[in-house]
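Remarks on the structure that follows.
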Amino acid sequence: MSDVVLRSVVKRFGTTVAVDNVSLNIRSGELVAFLGPSGCGKTTTLRMIGGFVGVSEGRILVGGRDITQLPPSRRNMGFGFQNYALFPHMSVAANIAFGLEMRRMPKSEIQRKVNAALDRVRLRQFSERLPKQLSGGQQQRVALARALVIEPDVLLLDEPLSNLDANLRHEMKNEIREIQRTLGITTIFVTHDQDEALSISDRVVVMRKGRVEQDGTPNEVFDTPKSRFVAEFMGVTNLLPGRLEQGGRFRLASGDVVPVASGTKAGDDMIMAVRPERIELRDTPSGDDGSLKAEIELATYRGLMIDYRVRTSSGIALTARRPAPAVGGPEALPHGRQVGLSWQADAGVLVPAGEA
Ligand SMILES: Nc1ncnc2c1ncn2[C@@H]1O[C@H](COP(=O)(O)OP(=O)(O)OP(=O)(O)O)[C@@H](O)[C@H]1O
Ligand SMILES: [Mg+2]
């Protein structure tokens, strides 16, 4: 078993607290993404797990064993970085063999393992090339093969896809996921891209200012963000302040009343977070069906979707996302058009108002 446990881990650089009391349980075989904005402590946390950065406080355990004081070479972990970090003067095969040679493994066994690793990332025919003779995607696959060839207990990947173009990023992401699943290797994947985190991982750890803001499945962090920060990071653009009233109603600051899913506890000042794609726009405002009267201010095309900026007659600005009309179909809603808007009770997620 190679579950990874962080207990109250702190990292200080001088007076900067880069990682502030982080506790995590990463199960054996799980792929966990560390997600958050620049400077929130993702890389520092990963590097403490790898042993490249010492911890200021707290413990790190792998498979129940305390490794807090072990040097990187004794942690049996594989690494992949944004910039690949390949040895430029060594062939692909030599790059991959390096870690095994350090372990003084017999030549024939090294050969066999290197070939297997090359096959796994589909680079057998490139084994004698130098890194600079490969594309970015191929170099990243060499880096992955090099990380995996030592049969690590844990794979640590720090923004491995960020130097690749969009198509390649997608392909590599699937490749990493497939290899990770096949080998059942406990993996931590650092990214600041929420789509990447949501689509590749079993669990997402959203970090903010050195702390864990939310830790949950992709579904949980996407659908039920626990804070305004997570909601915004997950692309929720409509954040509506208000108060929860008796009888499961939410009164917006504008005075409008909207439904709330049952089971939500009454609290003081809250924010209702509503995803733009959950807002329904009716082309005609009917008024007494509970929908809010609003006017289209701006339509922004996003390929298959259109984002409408609308303003309610009570003065709230919202974004509603709708499929773009088919070619030859009806026109997009024009500026100034009166509409009715509403959303289902379960589309409005309440989070504490707190700091932004
Ligand atoms: N060696 C160091 N010395 C001093 N401060 C550091 C050092 N490494 C990181 N920091 C600080 O620690 C904080 C967290 O940095 P870290 O690199 O972990 O962020 P990150 O989440 O990986 O960001 P990014 O998405 O930009 O890579 C930042 O404020 C950073 O300036
Ligand atoms: Mg980083």
If you check Gly41, Gly63, which single one turns out to be among the small types (Gly, Ala, Ser), in contact (Cβ under 8 Å) with a residue 60 or more places away in the chain and either touching a strand residue (DSSP E or B) at 6+ places or on another chain (Cβ under 6 Å) or within 16 Å of ligand 2 (Cβ to nearest atom) (or both)?
-> Gly41
Check on Val5, part of a strand (DSSP E or B), more than 15 Å from ligand 2 (Cβ to nearest atom), at pLDDT 95 or above and surrounded by 15 or more Cβ atoms within 10 Å (Cβ to Cβ) | yes
Determine, yes or no, whether Val190 is in contact with a Phe, Trp or Tyr (Cβ under 6 Å, 6 or more places away or on another chain) and within 16 Å of ligand 2 (Cβ to nearest atom).
-> yes
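Conditions (1) modelled with pLDDT of 95 or more; (2) on the phi > 0 side of the Ramachandran plot; (3) part of a strand (DSSP E or B), marked per residue:
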position	(1), (2), (3)
Ser254	no, no, no
Glu277	no, no, no
Gly290	no, yes, no
Ile306	no, no, yes
Val327	no, no, no
Gly354	no, yes, no
Within the range 257-269, is even one residue of a type in the set (Asp, Glu), modelled with pLDDT of 90 or more, under 29 Å from Asn219 (Cα atoms) and part of a strand (DSSP E or B)?
-> no
Report yes if Ser28 is in a loop (DSSP other than H, G, I, E, B), away from ligand 2 (no atom under 15 Å from the Cβ) and of a type outside the set (A, V, I, L, M, F, W, C), otherwise no.
-> yes
Those residues of the range 1-38 that are farther than 25 Å from Ile176 by Cβ, away from ligand 1 (no atom under 12 Å from the Cβ), of a type in the set (Gly, Ala, Ser) and touching a residue at least 60 places away in the same chain (Cβ under 8 Å) come to a total of 1
Does the range 47-54 include one or more residues that are part of a helix (DSSP H, G or I), modelled with pLDDT of 95 or more and among the basic types (Lys, Arg)?
-> yes
Filtering the range 55-113 down to residues that are polar (S, T, N, Q) and in a helix (DSSP H, G or I) yields Ser73, Asn95, Ser108, Gln111
Return the total of residues in the range 298-317 being of a type outside the set (Ser, Thr, Tyr) and over 32 Å from the mean Cα position of the chain (by Cα).
-> 1
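The values are calculated or read from the model by the stated rules, or taken from the named source; none is laboratory data. If you're wondering where the values come from, they're calculated on a predicted model, not measured in any experiment. Don't worry about glycine lacking a Cβ; one is built from the backbone with ideal geometry, like all the others, and counts go over all protein chains shown.
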